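Q: Encoded as structure tokens, here's the structure I'll be asking about.
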Amino acid sequence: MEFRELGRTGERVPEIGLGTWLYTGGESTIRRAVDLGANLIDTAESYGTEDDVGHAIIKFRNEVFLATKVSPEHFRYNDVIKAADDSLRRLRTDYIDLYQLHWPNPNIPIGETIRAVEKLVEEGKVRNIGVSNFSVAQLQEAESSLSRNRIVSNQVLYSLVNREIETDLIPYCQEHHVTIIAYSPLAQGFSNITLRDRTGVLRSITREIGHTEAQVALNWVICHNSVVAIPKTSSVSHVEENCGASGWRLSPEYMARLNSAFPD
Ligand code: NAP
């Protein structure tokens, strides 16, 4: 597994992690992911999987880089503090490696939310602050509200069939050392990608280079600087396949062929 620096923290996260929305893989799939280096495990208070994740990692918590999220309806100061405590209890841990604001909430001043998250950092309950689904403008507003910390990551939709962030968000994050955590990198079901591959480019590249279609699709995501991906799978064999998307790079020629086969 190859690793990338998280923001400008000096800390390293794997190029391929594990998402847990709708996760039902218990301890074995997470254990296999961690053994293969995919120790960035992503959950959220809204997924209903924090409890399962907490249970699964209880024996090897210190090997995991644990990411969770606070929901926008909990962005008032006291609600953030309570949401974090509730997540910590469900996750059976006393610290969250990456605490992410799940979606922007235009009805609550971002400064109030950031103040609460910085308090959690001060108390040692949160190690790093991230956001999710934030535009460049929303990211800049969040960054300017911080007093002692930085936004280290922005978790956003990105795959061969969802390329909207390429216009301005990827360049901004690369320039400002904000790691992009690509969610739904397999488009929430691999057929959503293969059905769009009308000219069979993905299939033919797969044959030429000896990797699977899922590995090529994931490698295309992580070929972009500052981007890591968190495919969800409940199955050990898919974890093994997905981890095989790291450690090599598609050539510029293959990248170009995929870019034109899957136009934004
Ligand atoms: P995804 O990872 O793009 O796709 C998951 C689907 O792909 C599952 O049906 C999974 O089935 C299947 N799959 C996984 N590996 C495969 C492989 N090698 N071959 C074929 N199929 C494979 O979709 P996602 O769950 O939406 O996104 C990933 C994670 O991102 C989520 O779990 C969550 O942590 C995060 N997320 C965040 C947000 C946000 O707003 N921040 C939104 C959505 C998702 P199996 O389980 O059977 O393998």
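Q: Of T113, T68, T24, which is the most mobile in a GNM of the chain whose springs link Cα atoms less than 10 angstrom apart?
A: Fluctuation is largest for T24.
Q: Return the Rg/Rh ratio of the chain with Cα-based radii and a Kirkwood Rh. Before the final figure, lay out the partial values.
A: On the way: Rg = 17.9 Å, Rh = 18.6 Å.
That ratio is 0.96, to two decimals.
Q: Can I ask one more? Between N259 and T24, how high is the FRET efficiency from 1/(1 + (r/R0)^6) when r is the Cβ-Cβ distance and R₀ = 35 Å? Nearest 0.05.
A: Computed FRET efficiency for N259 and T24 comes out at 0.55.
Q: At 222 nm, what value in deg cm²/dmol follows for the chain if DSSP H runs of at least 4 each add -39500 (n - 2.57) and the sum is divided by all its residues, to the nearest 500?
A: Result for the chain, helices only: -11000 deg cm²/dmol.
Q: How do I209, I81, I165, I16 rank when sorted from fewest to most other Cβ atoms within 10 Å of their own Cβ?
A: Listing I209, I81, I165, I16 from fewest to most nearby Cβ atoms yields I209, I81, I165, I16.
Q: Can you work out the Karplus-derived ³J(HN,Hα) for every residue in region 66-80? Use 6.51 cos²θ - 1.76 cosθ + 1.60 with θ = phi - 60°, whole Hz, and x for glycine or proline.
A: Karplus values, whole Hz, x for Gly and Pro: 9, 10, 9, 9, 9, 6, x, 6, 10, 7, 5, 3, 5, 5, 4.
Q: Okay, next question. Out of residues 5 or more away from Y158 or on other chains, whose amide H comes under 5 Å of its own, with H placed 1.01 Å from N in the peptide plane?
A: Y183
Q: If each residue's Cβ is checked for other Cβ atoms within 10 Å, how do K232, K82 rank with the fewest at the top?
A: So the residues, fewest neighbours to most, are K82, K232.
Q: Going by amide H atoms built from the backbone, whose H comes under 5 Å of the H on A229, apart from near neighbours?
A: Amide H neighbours of A229: I16, G17, A182.
Q: I would also like to ask the following. With springs only between Cα atoms under 10 Å apart, run a GNM on the chain and tell me which of R198, R249, R115 wobbles the most.
A: Comparing R198, R249, R115 in a Gaussian network model of the chain, the most mobile one is R198.
Q: So what J values fall out for region 225-230 if you push phi through Karplus, 6.51 cos²θ - 1.76 cosθ + 1.60 with θ = phi - 60°, rounded to Hz, Gly and Pro as x?
A: Listing the rounded values in order: 4, 6, 10, 10, 10, 10 Hz.
Q: Moving on to the next point. Please order V221, V161, V70, V236 by the number of other Cβ within 10 Å, starting at the fewest.
A: Least to most surrounded, the residues fall as V236, V161, V221, V70.
Q: Please list, ordered by chain and number, the residues whose modelled amide H lies under 5 Å from the amide H of Q100; skip anything fewer than 5 residues away on the same chain.
A: Excluding prolines and chain starts, which carry no amide H, the hits are T68, K69, V70, G130.
Q: Please report the antiparallel percentage of the DSSP beta bridges confined to the chain, to the nearest 5.
A: Details: 4 of 31 bridges.
Around 15 percent of the beta bridges assigned by DSSP in the chain are antiparallel ones.
Q: Taking only Cα atoms and a 10 Å spring cutoff, compute GNM fluctuations for the chain and point out the largest among P72, P104, P252.
A: Taking springs between Cα atoms under 10 Å, the residue moving most is P252.
Q: Next up: Restricting to lysine pairs 8 or more places apart or on different chains, what number in the chain have Cα atoms under 23 Å apart?
A: Going through the chain pair by pair, I get 9.
Every read-out reported here was derived from the displayed coordinates using simple, explicitly stated rules and does not represent laboratory data. Quick caveat: nothing in here was measured; it's all calculated off a predicted structure. Heads up, the Cβs are rebuilt from the backbone with ideal geometry, glycines too, and the neighbour counts pull from every protein chain shown.
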